[in-house]
Amino acid sequence: MLETPYVTRYLTEHFGEPDFPTLKGYERFGGYRAARKALTEMSPEEVIELVKTAGLQGRGGAGFPAGMKWSFMPKDSDRPKYLVCNADESEPGSFKDRILLERGAHQMLEGILIAAWATGATTTFIYIRGEYAYPADQVERAIAEAYAKRYLGDNIMGTGFRHDVRVTRGAGAYICGEETGLLESLEGKKGQPRKKPPFPAQYGAFGMPTTVNNVETFSHVPHIVDKGANWFRSFGTEKSPGTTIFGVSGHVVRPGLYELPLGTPLSEIVFEHAGGVPGGRKVKGVIPGGMSMPILPAGQLDVPMANEFLRERKTMLGTGGIMVMDETTCMVRVASVISYFFRDESCGQCTQCREGTGWMNKIVERIERGAAEEEDIEVLGDVAGKMEAKTICAFADAAAWPIQGLLRHFRDDFVEHVRQRKCPFAGSFEL
Amino acid sequence: MPKFTVDGREIEAAEGRTILQALDDAGLLMNGVDIPHYCWHPKLAVDGSCRLCQVEVEGVPKLQIACDTPVRDVMVVHTQNDRVKAAREGVMELLLVNHPLDCPICDQAGECKLQDYAYDYGVRASRSKEPRRALKKNVDLGPTIVFDQERCILCRRCVRFCREIPKTGELSVFNRGDRSVIETFPGTSLDNDYSMNVADICPVGALTTRDFRFKIRVWFLEDVPGICTGCSNGCNIYLGVANNKVYRYVPRRNDAVNDTWICDAGRMSYREIAAPDRLRECEVRDEAGRLDPVGLDRAIEVAAGRLRRLIDSKGPGVIAGLASAHASNEDLFTFRRFLAALGSETCGVAVVRGKADDLLIKEEKAPNAEGAREIGFGDARAVVDRIRSGAVDAVIVLGHDALQEGLLGSEQALAGLDTVILLDTHASELQRVAHVIVPVRHAAEKLGSFVNAARRVQRAVPAVESGWETFADGEVIARLGAALGLEGFDGSYDVHSVARELAATHAAFAGIDLDTIGDAGRPLAESARPRTER
């Protein structure tokens, strides 16, 4: 039995077919039809316009409109232009790109080819996290197949267009998923985000104009070209069209992947699709979009999973990694794990992030040990506030937001640790 | 040229400059407009990581870092409102979370930007109860620099300096997050010709020079503007002076000369001033061939007597002058005038040569070779050739540059002369052949001007007094001239009037006055003198 999402739509529809990862299998289901259409029937401008009309938002966490991003690439440049496929899926709670790489490498490559045509890029660098050895192997195999059939390389599909794709494997740093940290790492340097401007579209990989998109973002593109913007907009909400793959983990009956339209209520995903919390226990809180997104308490799970609604609840869709925690969970323990992670992964360039992540982690661990006072809870919230929106990249925000979310909704857990001078949740999860 | 407004003040900026650069260009940064900063340095690439220089730009929702935000026309910037102040306090508090606060034993105390900004922009009490990072306090980075990892605030100026200025790149940040530390790459050390600049640009006490650390509290030091005499670049420096002693040279910014840097050799040349081999007494050689200590009057009398005897017997043509490129324009002009009044045609300047680079270090290892040539001193080799040919009986030597450069083949070239009169700062083999020796002042001990390799006239002011009786070379020459009854010499010596006369008689020096030249110097006028190949 192949690993497939529990609920599928167009992206993952054929992931259960054993030969789908192969070029032959992919073409059996219409693969590369969209690329042929784009390269032979559409101008690059038309492709960009189509993706803009479809309203495809980046699926890597920030949700930036993909067509708009492509249009930032300089038109009349004699410098080579590059695409980068961000396959560094390192957000804790996220595991959607893995299956897209393992089972849908050709779908992603076709999206890359169409994006290359649209932007005039000569080369795509696929940066895959080092831990994804099998997915990287699958992508390399698919690339070889595509070259063999002239879907990559010289004179693609007889159009004279040339495009090359290369795979780079990462070495395990979370920050290399940040697009400019990724670019540094791709160039063989320490993965430290670059200050912006210049943005990658002006000065990206190896100093050349570059667009960075997530694996899933590329994977949607062939479907948009094949079936049109209106079809794409038939999924999801007006502002957030299309489906996405939610990865549900934690205290649920059926943890796994669910391809659902954007805007699907969080409660529907948790209770109906994932089967709710096992053992009749209650949900305590849910992180909606990977560990860097602020948590939502049980009472707010009615929210549709699209940024326009999640923002009203002071959180975001992120990567769609949904982490469910039941009533036995100690939220201080959660804060401790999260703050340790961000302390460990901060690149250390910016003062607020380098010092703030460490300070937060030390305070939280002291609260967890029962060695803190109530004023320390104030300081914790204040440090998180000092880190927000003031650094080179969004890492400091990603470190501050979940702590702010936990304090916003589960302050009582923190206060109880202080009052009882110990953790009141005996038997809360251990790592 | 974009115009922008900072705290209500309109400022014009050059195209493409960032807010901090534009303020620095206008001379307003920390001098009218206070935007504290750590990682930004005017002569290094923008890093943008310390995040202290955040300001509010109207119309932009997030605070922007002034170091990396380009000035746009009609941009309105606020540097002092509550939002900016809160952000600054936030950065300061975070920087101090792991700082050891060991100011009482830290050499940087008193000139520490962490101290200064904590007072000006920080929160008085720390709210952190957490243990601070415990790191190495005494890391040997190389022959010149000692590193305290705990004090480091990771601004990475030193890392960028090594990559961008000497382009040696010895330093890097290792590890990440709050475990980040600056280190040299394994098996290497911080060892380049400019290494000690990292201590100057380190805003805190993390990087200190092995030479200066633990010597004196910096608040006892007076910073006297001066010129490094190590080579003909004439790098601008501050001499750190206390108790009539120079404790250090640090670079003084002059964008036309040395930016904000000096080389290590130049920096260490302060030790010449109080070196144990400084000449301290006038001496004259007696009939038995021994040197006897005398006063200046007696030394002048003996020197004049010897020269007078030669002039009377053989004429002034047998007297030669060997000048030093360490002497000031005023000394050299007086010497040149003396030789002219005497009727001697044989004079030249000796210049020690050594290695050069394309940054600051120049081939000519003296501060005033260009000035000497401008004033009329030719190459000392011609003088030495005449001495060797036997056409010279007496030589007046300023300094021992000719000896050092090997022109004299140890001191032998002068050994058989009737009269050798030596004016020098330091001991040398020339003492063995000199008949009259007069100790003279180092550049740090007198007022004078020097012309650097780029033909810029720069001034040195007295920073210290030698603890014994010394004289400017010009003063000794002036008195010798009077003792010989030369025209235009009455025995008095006023450096200001000498400088004025130099300006009046040499077109290149026109308009240059010791009082008005300022600490930054000014270019010499183009001269008609044919440029010599060097």
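All of the numbers you see were taken from the coordinates with simple rules; none came from a lab. As the structure is a prediction and not an experimental result, all values here were calculated from the model. Note that each Cβ is placed from the backbone with ideal geometry, even for glycine, and that neighbours are counted across all protein chains shown.
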Q: Please tell me which of these pairs span more than 29 angstrom C-alpha to C-alpha: A:190/B:43; B:43/B:362; A:96/A:386?
A: A:96/A:386
(Q) Taking the beta-carbon count within 10 Å as an exposure proxy, list B:307, B:291 from fewest neighbours to most. (A) B:291, B:307
Q.
Which of A:112, A:128, A:392 ends up with the largest GNM mean-square fluctuation for chain A, with Cα atoms connected below 10 Å?
A. A:392
Q.
At 222 nm, what value in deg cm²/dmol follows for the protein assembly as shown if DSSP H runs of at least 4 each add -39500 (n - 2.57) and the sum is divided by all its residues, to the nearest 500?
A. -9500 deg cm²/dmol
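Could you list, in their original order, any pairs among A:390/B:85; B:245/B:355; A:196/A:390 whose Cα atoms are separated by more than 20 Å? Intermediate results must be reported in sequence, preceding the final value.
Numbers: A:390/B:85 13 Å; B:245/B:355 30 Å; A:196/A:390 13 Å.
Going by Cα-Cα distance, B:245/B:355 fall outside the 20 Å limit.
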(Q) For a quick check: with amide H placed at 1.01 Å from N, whose amide H comes under 5 Å from residue A:57's, ignoring anything fewer than 5 positions away on the same chain? (A) A:66
(Q) Show me, for region B:450-455, the HN-Hα J-couplings you get by feeding each phi into the Karplus relation (A = 6.51, B = -1.76, C = 1.60, θ = phi - 60°), rounded to Hz, glycine and proline as x. (A) 9, 10, 7, 4, 8, 6
**Q.** Gap separating the Cα centres of region A:31-62 and region B:487-518, nearest whole Å
**A.** 79
(Q) If you average the alpha carbon positions of region A:341-395 and of region B:367-391, how far apart do those two centres end up, in angstrom? (A) 69
Q: Can you bin region B:67-189 into rounded, prolate or oblate? Criterion: square roots of the alpha carbon gyration tensor eigenvalues sorted a ≥ b ≥ c, rounded for a/c under 1.5, prolate for a/b above b/c, oblate for the rest.
A: oblate
Q. With chain A treated as a Gaussian network of Cα nodes joined by springs under 10 Å, which of A:253, A:165, A:51 yields the largest mean-square fluctuation?
A. A:253
(Q) What is the angle, in °, between the Cα long axis of helix A:395-420 and the longest principal axis of the Cα atoms in chain A? Nearest 10 is fine, range 0 to 90. (A) 20
Q. If chain A were replaced by its equivalent ellipsoid, with semi-axes equal to the square roots of 5 times the Cα gyration tensor eigenvalues, what would those be, largest first, whole Å?
A. 39, 24, 18
Q) R0 = 51 Å: FRET efficiency of residue A:419 with residue A:45, Cβ-based, nearest 0.05? A) 0.20
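Report the local net charge at residue A:63: Lys and Arg +1, Asp and Glu -1, summed over other residues whose C-beta lies under 12 Å from its C-beta.
Numbers: positive: A:59, A:69, A:239, A:311; negative: A:216, A:308.
Around residue A:63, the surrounding residues sum to +2.
Counting Lys +1, Arg +1, Asp -1, Glu -1, what net charge surrounds residue B:324 among other residues with beta carbon under 10 Å of its beta carbon?
Net charge in that neighbourhood comes out at -4.
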Q | Burial ordering of A:81, B:355, A:190, fewest other beta-carbon atoms within 10 Å first | A | B:355, A:190, A:81
Q: Please work out the FRET efficiency for the pair residue A:79 and residue B:62, using the Cβ-Cβ distance as r and a Förster radius of 41 Å; give the result to the nearest 0.05.
A: 0.85
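Using Cβ counts within 10 Å as a stand-in for footprinting exposure, how do B:47, A:164, B:357 rank, fewest first?
The fewest-first ordering by Cβ neighbours comes to B:357, A:164, B:47.
So for region B:3-80: antiparallel DSSP bridges make up what percent, rounded to the nearest 5? The partial results should precede the final answer.
Numbers: 9 of 12 bridges.
Among the beta bridges of region B:3-80, antiparallel pairing accounts for roughly 75 percent.
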Q | Whole-Å distance, taken between Cα centres, linking region B:139-202 and region B:94-134 | A | 21
Q. Distance in nm between label sites at residue A:24 and residue B:341, each 7 Å beyond Cα in the beta-carbon direction?
A. 10.8
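In the structure displayed, which of A:239/A:284; A:195/B:62; A:422/B:129; A:195/B:113; A:284/A:422; A:195/B:136 lie more than 22 Å apart, Cα to Cα?
Numbers: A:239/A:284 29 Å; A:195/B:62 15 Å; A:422/B:129 18 Å; A:195/B:113 24 Å; A:284/A:422 20 Å; A:195/B:136 30 Å.
Beyond 22 Å: A:239/A:284; A:195/B:113; A:195/B:136.
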Q.
Quick check for me: using +1 on Lys/Arg Cβ and -1 on Asp/Glu Cβ, what's the dipole size of chain B about its Cα centre, in debye to the nearest 20?
A. 1300
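Using 1/(1 + (r/R0)^6) with R0 = 22 angstrom and r between the beta carbons of residue A:134 and residue B:174, what's the FRET efficiency to the nearest 0.05?
Working: r = 32 Å, r/R0 = 1.45.
The value I calculate is 0.10.
Between residue B:286 and residue B:510, 0.36 nm times their residue separation minus their Cα-Cα distance comes to what?
Numbers: separation 224, 0.36 × 224 = 80.64 nm, distance 4.51 nm.
Between residue B:286 and residue B:510, full extension yields an extra 76.1 nm.
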Q: Provide the gained length on full extension for the span residue B:220 to residue B:126, in nm with one decimal, where the gain is 0.36 nm per separating residue minus the Cα-Cα distance.
A: 30.9 nm
Q: Out of all DSSP beta bridges with both ends in region A:23-233, state the antiparallel percent to the nearest 5.
A: 10
